[in-house]
Every structure is written in structure tokens, then in C-alpha cells.
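> If you scroll down you'll find the structure; I have some questions about it.
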Amino acid sequence: MVKKLEQMYEGKAKKVFRTENPDLYLVDYKDDATAFNGEKRGTIADKGYYNNQISALLFAELEKAGIPTHMVELTGDREMLVKGLEIIQLEVVVRNIAAGSLAKRLGFEEGRKLPFAVVEFYYKDDSLGDPLVNDSHIAVLGAAQPEELVVLRELGLKINRVLQDIMARAGIELVDFKLEFGKHKGEIILGDEISPDTCRFWDMETGAKLDKDRFRRDLGKVEEAYIEVYQRLQKVLK
């Protein structure tokens, strides 16, 4: 059992603690919810528990598919032991269906299926609102090298294929999702989480939203959506 030491970071959705092993950290998932770059705040009951458990299930499946992640093991209902990462200051967003900012930006109706998966990069800077950036912007910012962008795109698309298969088995449409990566001992690996906080999940039959959009858009039954995703994944990933 690892020993939790002092807290080193607290973000919108998680707290990070040092351990006696300098290469390993404990992540504690919170119930706090934010949207629109922190403009909307609230609490989703037991969100921390479900995001931790859902992330663990999906990280394990990605590892089986040969995709390296930062997860070492679950250490509690809301806690995960992870590898320490030198975070790459980019969010990698993969989109299969037009929704959210993409629908607004391109004038597409929400729900329009894209002919192929679209990969986008956003610069991780809360003060700037995490702006959409292109390869030239990334080079100017020094956020990643060109060869690293190739790896990030390839990993994003591979993760998309694995997750699409899993979610389809659970009767869920994978609309889009956000990924964060970092370097561990020189290797680029997947970090952060994969959950209804970072993905758009729609029920394949009804189109009902099963993610944080229920909180963003005041649709109600937010907690129920997180529970539904977890229970469906448990069934298909036994």
C-alpha cells in the first residue's frame, strides 16, 4: 500500500498527492463540476467515484490494446495510483460527430456524423480559455515538436477506434472526447481521465446525452447519466 504524502496540486476535478515513490502519485477524483472554462460551477453527487471507476475500466482496455497510460492501479473508490508525467501542454480532441464548439464553428447541425474522425489541438492555458491551435501555433509556443504531434495524432485515432468499439458494445455513441498526454521516462503516454466529464456519450437508440452536457445545459438527471455509463461498461467489460 502506497503512502499518501502532501498535496501538490488541485485542479477543477482532481487533487494530486505525492507518495514515497517519486515516480508515482495519487489522484483523488472530486465531485466538483465546472463548465465553460469555470464560469459555471456546481457539484455532481458521487461524480468522483464514477469518473475514477470508469477511467480505470477504460485505461485497462486501452493498455490491452497496446496504448500506454499513466494508470498503475486503483487504490480506493475515488483514488488512482498513477505514473508521474511531464505534461504536454496540449489537449487532444477527437471528434466523430458534430457537437459543441465544432458544430458552432463550422455551422453544422449537432448530431451530424463526420466522414472521418477529426483531431484538434487546444493549448492548455486557463487564462486564455484553452484556445484551438494549429501546428504552426504549437511550434511558436514550443508546446510540442513536429514528431510529437505525429505521435499524438496517431494515439488519438487509435484510442478512438478502441473506445468506439467498447462504447458501441455498451449501446453508446462516442461523439467526441478530450485526451491529455505526458512524458514518462521519455515515452509519451496517456494521462488525465476518460469519463463522462471528458467525453460526449449519447445513447445509440434514443440519442439521450450521458455525459457532462447534462450539467452544462441544465438537462437534469446528471448523476443518473454517470451511473448509467458505469453500469453499461461494467456489463460489457466483465
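> Within the stretch 207-221, does at least one residue satisfy the condition of being of a type in the set (Asp, Glu) and in contact (Cβ under 8 Å) with a residue 12 or more places away in the chain?
Checked the stretch 207-221: at least one residue is of a type in the set (Asp, Glu) and in contact (Cβ under 8 Å) with a residue 12 or more places away in the chain.
> Find the residue count for the stretch 214-231, including only residues that are out of contact with any Leu (no Cβ under 7 Å at 6 or more places or on another chain), of a type outside the set (Phe, Trp, Tyr) and either surrounded by 20 or more Cβ atoms within 10 Å (Cβ to Cβ) or not in a helix (DSSP H, G or I) (or both).
7
> Do any residues in the stretch 88-100 that are closer than 16 Å to Pro115 by Cβ have Cβ atoms under 8 Å from those of residues that are of a type in the set (Lys, Arg) and surrounded by fewer than 20 Cβ atoms within 10 Å (Cβ to Cβ), where the two are at least six apart or on different chains, and which pairs are they?
Asn96/Lys113; Ile97/Arg112; Ile97/Lys113; Ala98/Arg112; Ala98/Lys113
Condition check ((1) free of Cβ contacts under 8 Å to residues at least 24 places away in the same chain; (2) over 27 Å from Asp218 (Cβ atoms); (3) crowded, with 17+ Cβ neighbours inside 10 Å; (4) of a type in the set (Phe, Trp, Tyr)) across all residues:
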position: Leu5; (1), (2), (3), (4): yes, yes, no, no
position: Gly11; (1), (2), (3), (4): yes, no, no, no
position: Lys14; (1), (2), (3), (4): no, no, yes, no
position: Phe17; (1), (2), (3), (4): yes, yes, yes, yes
position: Asn21; (1), (2), (3), (4): yes, yes, no, no
position: Leu26; (1), (2), (3), (4): no, yes, yes, no
position: Ala33; (1), (2), (3), (4): no, no, yes, no
position: Phe36; (1), (2), (3), (4): no, no, no, yes
position: Ala45; (1), (2), (3), (4): no, no, no, no
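> To continue, here is another question. Inside the stretch 127-208, counting only strands (runs of 3 or more DSSP E) that do not spill past its ends, which hold 1 or more residues that are aromatic (Phe, Trp, Tyr), surrounded by 20 or more Cβ atoms within 10 Å (Cβ to Cβ) and not assigned by TED's automatic domain parsing to the domain that holds Lys15?
172-184, 199-203
> Right, next: Checking the structure you have, find out if any residue of the stretch 130-143 is under 30 Å from Leu237 (Cα atoms), of a type outside the set (A, V, I, L, M) and out of contact with any Cys (no Cβ under 7 Å at 6 or more places or on another chain).
No, the conditions are met nowhere in the stretch 130-143.
> For the stretch 11-70, give me the residue count where each residue is polar (S, T, N, Q) and closer than 20 Å to Ile188 by Cα.
Residues flagged as polar (S, T, N, Q) and closer than 20 Å to Ile188 by Cα within the stretch 11-70 amount to 2.
The values are calculated or read from the model by the stated rules, or taken from the named source; none is laboratory data. Everything quoted here is computed from the prediction, not taken from an experiment. Here Cβ is always computed from backbone atoms with ideal geometry, including for glycine, and neighbour counts include all displayed protein chains.
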